[in-house]
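Report on the structure given below.
Bear in mind these aren't lab numbers, they're just calculated from the coordinates by the rules spelled out. These numbers come from a predicted model, not from an experiment. Cβ placement follows ideal geometry from the backbone for every residue including glycine, while neighbour counts extend to all protein chains displayed.
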């Protein structure tokens, strides 16, 4: 055996070891099970495919949590995980599913609107594969996720993504962006089929308001705001004033642009009877000028480089050494939804929504997000599902 | 679906080419390079990344 062959075998073994090490990490991240303890308000858990059977068995056949009140009223849909790398929306959804008791109307929650996107992190982004929220019974770990569907589930990307049905040309990668593929299509890509299924849900269940929960980088002008379809502009404006006057945070309102297609706040409002609202909270980890991209940055939202960018006037939201903690971001989403529902219920009592046990902004900050997560190890099997 | 399958076939073809170049290579620097660039192709074929 010559030296060249021995060297080739040695280097190949080294490469194989490297691949196995990375492969195990990727496999574990993709298959991490996230427990959900069904709270006392959950009356049904459906699958998204029950509204569109072609989705059955696919990775995006999400759980649909239904919380029905004893009094008839309106119906709302809360979407967490449209962009899984924006975790405040998913965590807020967890709080609703595990705690909320609906007295009037129906609350429908999807924790993983794009489940495929929760199983991958940004290629080349050095994101952590997961993150853990401290609770009174230990830690609960969640998949980190990405903005786009996993290429393992939808590949290849087109050269140019042409949005259906508008025909508008968008960035190629947004073919896998759930918030660029609304209203979806029945024979489209996985991401388009997922949106199509959720549109069917909205129509079949007669949903009155859809909340799509997001987070944004501080260098992006659409931040700390409610993006509203024209059907919901008055509601959003009133909520903005109420929140700014009564809560310890400010939130603005943006009108959904008519020329920008594929987004939930535009297409859901255009293609269904529902009012569509998109909520944005600040997430420093998404900023391009961030430092080390780790779990601490994701959860604490502290970064000296972004603070410096703010001092140079490059940001659309303030930031200081306290950062933007995950509890602040989750609390903002909680209070914003509660205020909007209060205003909606005053305006349309017959379609009102009333619920209890959902914390407001100040409570989430005081107690922490983990306080509202239930211990899966003590939950009865029939009260446990996994995302 | 057919396009996706074709991309997997393409990936496998390129992976075979890289392995072939690795076998034929005389320089250790090239061998390391081939092994490094082979990893993402194999991870995709194994549906890990």
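Distance between the 7 Å Cα→Cβ label points at residue A:24 and residue A:296: 2.7 nm.
For the peptides A:340-351, A:324-335, A:65-76, A:260-271, what is the packing order when you average, over each peptide's residues, the other Cβ atoms within 10 Å and list the highest mean first?
Values: A:340-351: 16.6, A:324-335: 24.6, A:65-76: 19.2, A:260-271: 22.8.
The densest-packed peptide leads the list: A:324-335, A:260-271, A:65-76, A:340-351.
For chain A, set up a GNM with springs between Cα atoms under 10 Å and report which of A:236, A:216, A:126 has the largest fluctuation. Taking springs between Cα atoms under 10 Å, the residue moving most is A:126. When all alpha carbon pairs of the range B:2-45 are counted in 10 Å bins from zero, the resulting P(r) reads 30, 47, 18, 4 %. A full extension of the chain between residue A:135 and residue A:173 corresponds to an added length of 10.0 nm, given 0.36 nm per residue minus the alpha carbon distance.
Sorted from fewest to most neighbouring beta carbons within 10 Å, what does the list A:54, A:46 look like?
Values: A:54 13, A:46 16.
Least to most surrounded, the residues fall as A:54, A:46.
Cα-based values for chain A, radius of gyration first and Dmax second, are 21.2, 85 Å. Within the range A:1-37, what residues put their amide N at less than 11 Å from the label point 7 Å along the Cα-to-Cβ vector of residue A:386? Residues A:31-36 qualify, since their backbone N sits under 11 Å from the label point. Helix A:190-204 and the longest principal axis of the C-alpha atoms of chain A enclose an angle of approximately 20°.
Could you work out, residue by residue across B:22-32, how many beta carbons of other chains sit within 10 Å of that residue's beta carbon, and then give the average as an integer?
Details: counts 4, 4, 0, 3, 1, 1, 5, 0, 0, 7, 4.
Mean inter-chain Cβ contacts per residue within 10 Å come to 3.
When peptides A:158-169, A:241-252, A:196-207, A:77-88 are sorted by average Cβ neighbour count within 10 Å, with the highest value leading, the order is A:77-88, A:196-207, A:241-252, A:158-169.
Could you work out how far the C-alpha centroid of the range A:1-78 sits from that of the range A:245-268, in angstrom? So the two Cα centres are separated by 29 Å. If R0 is taken as 45 Å, the Cβ-Cβ distance between residue A:2 and residue A:122 corresponds to a FRET efficiency of 0.55. Within the listed set A:174, A:273, A:146, the residue fluctuating most in the Gaussian network model of chain A (springs between alpha-carbon atoms under 10 angstrom) is A:273. Just so you know, the Cα atoms of the range A:202-273 work out to an Rg and Dmax of 13.0, 38 Å. Given an 8 Å cut-off on Cα distances and at least 6 residues of separation, report the relative contact order of the range A:298-382 as a percent. Taking the mean separation of contacting Cα pairs over the length of the range A:298-382, I get 27 percent. In degrees, nearest 10, range 0 to 90: what is the angle between the Cα axis of helix A:87-99 and the longest Cα principal axis of chain A? So the inclination is approximately 60 degrees. The mean number of partner chain beta-carbon atoms within 10 angstrom of a residue's beta-carbon across peptide A:149-157 is 3. How high is the relative contact order of chain A? Use alpha-carbon pairs under 8 Å, at least six apart in sequence, and give a whole percent. RCO, chain A: 19 percent. Shielding by partners for peptide B:38-49, expressed as the average number of C-beta atoms from other protein chains within 10 Å of each residue's C-beta, is 5. The distance from the alpha carbon centre of the range A:140-201 to that of the range A:85-123 is 18 Å, rounded to a whole number. Here r is the Cβ-Cβ distance between residue A:347 and residue A:250 and R0 is 22 Å; the resulting FRET efficiency, rounded to 0.05, is 0.45.
Helix-only mean residue ellipticity at 222 nm, the protein assembly as shown, DSSP H runs n ≥ 4 weighted -39,500 (n - 2.57), per residue, nearest 500. What is it?
Values: 11 runs with 163 residues, N = 436.
The helix contribution divided over the protein assembly as shown gives -12000 deg cm²/dmol.
Applying 0.36 nm per residue to the separation of residue A:50 and residue A:10 and subtracting their alpha-carbon distance, the gain on full extension is 9.2 nm. As a rough footprinting exposure proxy, the listed residues A:112, A:49 were ranked by other beta carbons within 10 Å of their own, and the order from fewest upward is A:49, A:112.
Would you order A:272, A:225, A:378 from fewest to most other beta-carbon atoms within 10 Å of each residue's own beta-carbon? Intermediate values should be presented prior to the final figure.
Values: A:272 19, A:225 23, A:378 9.
The most exposed by this proxy come first: A:378, A:272, A:225.
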